[in-house]
Structures are given as C-alpha cells and as structure tokens.
Amino acid sequence: MSNIIYFVVPCYNEEAVLEVTAQKLMEKVESLIQRDVISPKSRITFVDDGSKDQTWPMIKELSTTHHLISGVKLSRNRGHQNALLAGLMTVKDLCDATISLDADLQDDIDVIDQFIDKFLNESCDVVYGVRNDRTTDTGFKRHTAQMFYKIMNQLGADIVYNHADYRLLSRRALNGLSEFKEVNLFLRGLVPLVGYKSDVVYYERHERFAGESKYPLKKMIAFAIEGITSLSVKPIRLVTTLGISVFVISLIPLLYSLVQWMNGNTIKGWTTLILSIWTLGGLQILCIGVIGEYIGKIYLESKQRPRFIVEEFINEVD
Ligand code: UDP
Ligand code: MG
C-alpha cells in the first residue's frame with residue numbers, strides 16, 4: 001500500500017498563477033501515482049486565504065474538473081503562516097504526510113521525489129527544503145534574509161538556514177505540530193521543536209513566474225520580529241545587559257567630576273548634558289519598545305483566539 005501524500009498550497013490573490021501551478025503539480029502527482037510511489041488517494045489542496053480576486057472560484061472549478069484537486073476556503077485573510085497551518089490541520093487525518101509549497105512555484109517541484117524518498121526509505125518525519133542559492137531574489141532580500149538567519153542563530157533559535165516553508169511533514173509530525181497552540185505562528189521555528197528524525201533537500205529557487213510577491217518590506221520586517229520574539233527572550237536579557245553597561249560607563253564621568261569638585265573646580269558642559277539626555281532617552285525608549293513587544297505578545301496569546309476559521313472544504317475521496 002503506497003502512502004497518501006497531500007500537497008498543501010496557501011494562496012492569496014493568486015489568480016495569475018493558479019492554473020499553471022495546478023497543471024504542473026498535477027503532472028507531478030500523476031507521474032508519482034503512475035510509478036506507484038504515492039497512492040492515487042493523494043491530493044493537491046489549495047488553501048484560499050481570503051483572497052479578493054478569483055482565486056476561490058478558480059479552486060472550486062479546478063476541484064470539480066480534476067479529482068486530484070481539493071480546496072480549503074478560510075473565512076478571511078489570516079496570513080501565509082495561518083493559511084498553511086489551516087491547510088495542514090484540515091488534511092492531517094486524511095494522509096500519511098503533507099508537502100507544503102507556495103502557489104508561485106518558486107520552490108523547485110522536481111525535488112519532491114527526494115522529499116518522498118527520505119520519508120519512505122530513510123524514515124524521516126520532517127524533510128526541509130533548503131535553497132542552495134538565492135540569485136533570483138533581489139540583492140536586498142538576500143542580504144536581509146541572511147541577516148535574519150544570523151540574528152536568529154545568535155539568539156539561540158534552532159532554525160534551518162535558508163529554509164522557508166517548503167517541507168514534508170509526516171502524520172505524526174503533524175500531530176506533534178497540532179499540540180503547539182500559539183496564536184502568533186512562526187512555523188519554521190516551531191517545526192524543529194516538534195522533533196523526530198529530519199533531513200534536508202537542497203533546491204534552486206526560481207523566480208515567481210506571474211503575479212507579485214505578497215511580502216512587501218513592511219510585512220517582512222513584521223515577520224522577522226514575529227520570528228525572533230516567538231522563539232527567544234534573549235532581546236529582553238540584552239536590555240538588562242545594556243542597562244548595566246550604560247550604568248558602568250556612566251561611573252567614569254561621575255568619578256571624574258567628583259575629583260574635579262574635590263579640587264574646587266566646576267565642570268562646564270551644556271553639550272555633554274544634552275547629549276547624554278538624548279542618548280539615554282533614546283536607549284530607554286528602545287528598551288521599552290523591546291519589552292512592549294513581548295507584553296503585546298502575552299496580550300495577544302492570552303486571548304486564545306482561533307488561528308483560522310475554515311469556511312469550506314472541498315475534497316473528493318473515492
Ligand atoms: N500567502 C498567503 N496569505 C497571505 C500572503 C501570502 O497565503 O496573506 C501565500 C501566497 O499566495 C504564496 C505564499 O504565501 O503562496 C508565499 O507568498 P509570496 O510568494 O508572495 O512570498 P515571497 O515568495 O515573495 O516571499
Ligand atoms: Mg513567492
């Protein structure tokens with residue numbers, strides 16, 4: 001009995017790419033089924049993340065004409081990470097493993113065979129897709145991404161370098177993932193925490209073939225802050241270290257002025273006064289910001305709001 005694999009594809013306003021993506025994925029899945037690598041019960045599940053264009057009607061149409069295609073419609077836009085989780089959680093009891101990938105096929109689908117090979121023959125529960133070059137990303141995105149992974153590693157977070165959300169998860173890894181209840185999701189940080197045997201598969205990242213990126217700079221920064229604060233409390237410790245350092249440094253001018261005062265001198269210094277007020281004021285506001293970021297997170301997590309609401313699930317199982 002071959003394994004049932006569900007391919008989960010989050011989509012937000014992807015009408016420009018959907019048809020081609022569905023076509024290419026179906027060819028891939030059909031060839032795997034024909035070679036008896038995966039079961040004919042395998043499906044490609046498109047998750048509509050509250051798109052404002054024709055994405056959902058297109059998914060619906062595709063699912064009626066092609067039995068391999070299924071669809072999940074979220075009640076509103078919840079962002080890439082939540083949409084992906086919604087897809088994974090909706091199909092997890094129907095399959096032996098999932099492979100998640102983006103709708104724009106920037107991730108090379110030819111390495112899917114390697115993902116499945118590692119799952120079947122090396123009994124890996126998690127297989128990470130890792131980009132071995134980022135030449136198709138803009139220089140800016142490449143550098144900021146690199147900086148992000150470096151910061152994450154320095155903060156002690158266990159994330160796989162240059163891995164996005166292209167990955168295979170076995171059913172028990174999915175069950176493990178479902179135990180993590182946090183509302184602010186950063187999947188690439190959570191999956192390593194699930195554990196089990198894992199491996200990586202390297203691939204070349206292509207350019208988006210149509211439509212535009214849904215990750216403008218503002219969203220990328222928010223995503224990076226999200227990742228850092230959801231995996232590490234080291235920034236708060238850095239605030240403490242900063243406070244101690246500033247205090248120690250301030251002892252130097254303090255001692256100096258004390259000595260001067262004992263010698264009967266007064267120190268003039270409008271500039272030093274103003275500068276230190278501004279520097280310390282700035283540092284204080286920054287530190288309040290860092291702490292506030294975590295308090296905000298506690299506030300949002302404490303409400304335990306649902307991460308997504310599924311409006312419709314179309315899945316034809318024979
Ligand atoms: N996406 C989503 N919800 C959103 C934003 C994006 O489901 O609110 C999906 C999008 O359709 C795509 C994937 O997330 O399948 C990655 O987005 P994109 O390709 O725009 O990001 P980039 O590759 O530029 O980082
Ligand atoms: Mg993309």
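Things worth noting here:
- Qualifying residues in region 209-236 (those that are under 30 Å from GLN23 (Cα atoms) and among the aliphatic types (A, V, I, L, M)) - the one farthest from ligand 1 (Cβ to nearest atom): ALA210
- Qualifying residues in region 250-271 (those that are surrounded by 12 or more Cβ atoms within 10 Å (Cβ to Cβ) and of a type outside the set (Gly, Ala, Ser)) - the one nearest to SER178 (Cα to Cα): PRO253
- Leading residue by the ranking (modelled with the highest pLDDT) among those in region 199-244 that are more than 16 Å from ligand 2 (Cβ to nearest atom) and of a type in the set (D, E, K, R): ASP199
- Test set (1) surrounded by 13 or more Cβ atoms within 10 Å (Cβ to Cβ); (2) basic (Lys, Arg); (3) free of Cβ contacts under 8 Å to residues at least 24 places away in the same chain - ARG208 fails condition number: (3)
- From the list ASP158, ASP93, ASP110, the one residue that fits, being modelled with pLDDT under 90 and away from ligand 2 (no atom under 14 Å from the Cβ), is ASP158.
- Test result for LYS73, basic (Lys, Arg) and closer than 17 Å to LEU168 by Cβ: no
Residue-by-condition table, conditions (1) over 30 Å from VAL290 (Cβ atoms); (2) within 16 Å of ligand 1 (Cβ to nearest atom):
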| site | (1), (2) |
| --- | --- |
| ILE151 | no, no |
| ALA157 | no, no |
| ARG171 | yes, no |
| LEU187 | no, yes |
| TYR203 | yes, yes |
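- Note on region 130-178: residues that are part of a helix (DSSP H, G or I) and either in contact with an Asp or Glu (Cβ under 7 Å, 6 or more places away or on another chain) or closer than 25 Å to PHE7 by Cβ (or both) amount to 8.
The values are calculated or read from the model by the stated rules, or taken from the named source; none is laboratory data. Predicted model only: the values in this text are computed from it and were never measured. Cβ: placed from backbone, ideal geometry, glycine included. Neighbour counts: every protein chain shown.
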